[in-house]
Each structure stands twice: as C-alpha cells, then as structure tokens.
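The values are calculated or read from the model by the stated rules, or taken from the named source; none is laboratory data. Note that this is a predicted model, so its numbers are computed, not measured. Because the Cβ atoms are built from the backbone with ideal geometry, glycine has one as well, and the counts that use them run over all protein chains shown.
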Amino acid sequence: MAAGVSIAAGPADVWTVKTIDPKGDARGGSPIDAAQLSFRYDSAADMLWFRVAVYGKPAPDAFGLQIAIETGAGDSAKAAWWGANK
C-alpha cells in the first residue's frame, strides 16, 4: 500500500452498537460480565451477525450466550422464553 493511502471500511464492516452495559452488574455472582452488544448485516451472505464484548476473559468451556429477538409476530407464533416482555 502506498504511503498516505488508507482503506475505508465498507458497509459490511460496520458494526452497530445496540447497547453498552456497565461493569459490575452481572447476576448471581457470575464471573462473566457483558460490556457491549453490537450487530452487523452482511448483505452478500444475507446474514445478521452479533458481537458480544465482555469485561475480563471468559472460560471458553463455560461461556454461553442467549439472544432473544422480538419479531413483532402475533401471540400464536411466539415461543415461551425466560425473559419478560416489555
């Protein structure tokens, strides 16, 4: 690459930050504490990607993630889940 030339990120490389979570509020004394949730849409692959940042380093064999998505579907199409509707 020539000196003074930079490459701009294309739309597929842009992550949208959905929420930032304060440090130290993990439930039940969990050692894993979420920091940030971001997403990006890859139009070429027609895929929605999620990225979760955490404070500290989680144990790879003990880390799991659940993401619930409100689709706006009618009550008959909804599934039971562990959260609360707002």
Index of the failed condition, PRO58 passing every other in (1) more than 25 Å from ALA79 (Cβ to Cβ); (2) part of a strand (DSSP E or B):
(2)
Just for region 39-86: of the residues that are modelled with pLDDT of 90 or more and of a type in the set (Lys, Arg), which one is farthest from the chain's Cα centre (by Cα)?
ARG40
Just one of the numbered conditions (1) in contact (Cβ under 8 Å) with a residue 12 or more places away in the chain; (2) part of a loop (DSSP other than H, G, I, E, B) is not true of ALA45; which one?
(1)
So, in region 50-65, exactly how many residues are of a type in the set (Lys, Arg) and out of contact with any strand residue (DSSP E or B) (no Cβ under 7 Å at 6 or more places or on another chain)?
1
